[in-house]
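Trainee: The following block contains the structure, expressed as structure tokens.
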Amino acid sequence: MKKGIHPENYRLVAFKDMSNEDVFITKSTVETKETIMHEGVEYPVYKMEISRTSHPFYTGKSKLIDTAGRIDKFKTKYAKHAK
């Protein structure tokens, strides 16, 4: 491996899926400001909207996730055109 091109700040980080509260631990260099207690150990936490435990491709189930109210905005905007 070439010297000086790889990050040196690898550490264990908790990745938290906000749609289903699943947490998994892996090594990463992602920058975080928050921490979480997981199985009695404190880890830096990175919050995600979707992960392998909630994505329809991996779960085989279609699931509607509306985090920003986009569906309601769409329905309100185009309600007058529904006639």
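The values are calculated or read from the model by the stated rules, or taken from the named source; none is laboratory data. Given the structure is predicted, the values throughout are model-derived calculations rather than measurements. Quick reminder, even Gly has a Cβ in these numbers, built from the backbone with ideal geometry, and neighbours come from all protein chains shown. Just so you know, the surface numbers come from the protein's heavy atoms only, side chains and all, with ligands and any DNA or RNA stripped out. Shrake-Rupley method; radii C 1.70, N 1.55, O 1.52, S 1.80 Å.
Trainee: Is it the case, given these coordinates, that Arg70 is touching a helix residue (DSSP H, G or I) at 6+ places or on another chain (Cβ under 7 Å), of a type in the set (D, E, K, R), at pLDDT below 90 and open to solvent by 100 Å² or more (accessible area, probe 1.4 Å)? Walk me through how you get there before you give the answer.
Mentor: Values: touching a helix residue (DSSP H, G or I) at 6+ places or on another chain (Cβ under 7 Å): no; of a type in the set (D, E, K, R): yes; at pLDDT below 90: yes; open to solvent by 100 Å² or more (accessible area, probe 1.4 Å): yes.
No: the conditions fail for Arg70.
Trainee: Sticking with this one: Suppose we keep only residues that are hydrophobic (A, V, I, L, M, F, W, C) and open to solvent by less than 50 Å² (accessible area, probe 1.4 Å) within the range 25-63. Which one would you say is modelled with the lowest pLDDT? Working first, answer last.
Mentor: First, pick out the residues of the range 25-63 that are hydrophobic (A, V, I, L, M, F, W, C): 25, 30, 36-37, 41, 45, 48, 50, 57.
Okay, now just the ones that are also open to solvent by less than 50 Å² (accessible area, probe 1.4 Å), so 30, 36, 45, 48.
Working: Val30: 90, Ile36: 90, Val45: 92, Met48: 85.
Top of the filtered list is Met48.
Trainee: Look through the range 1-21, keep the residues that are among the basic types (Lys, Arg) and in a strand (DSSP E or B), and return whichever of them is surrounded by the most Cβ atoms within 10 Å (Cβ to Cβ).
Mentor: Residues of the range 1-21 that are among the basic types (Lys, Arg), as a first pass: 2-3, 11, 16.
Restricting the remaining residues to those that are in a strand (DSSP E or B) gives 11, 16.
Details: Arg11: 11, Lys16: 18.
The extreme case among them is Lys16.
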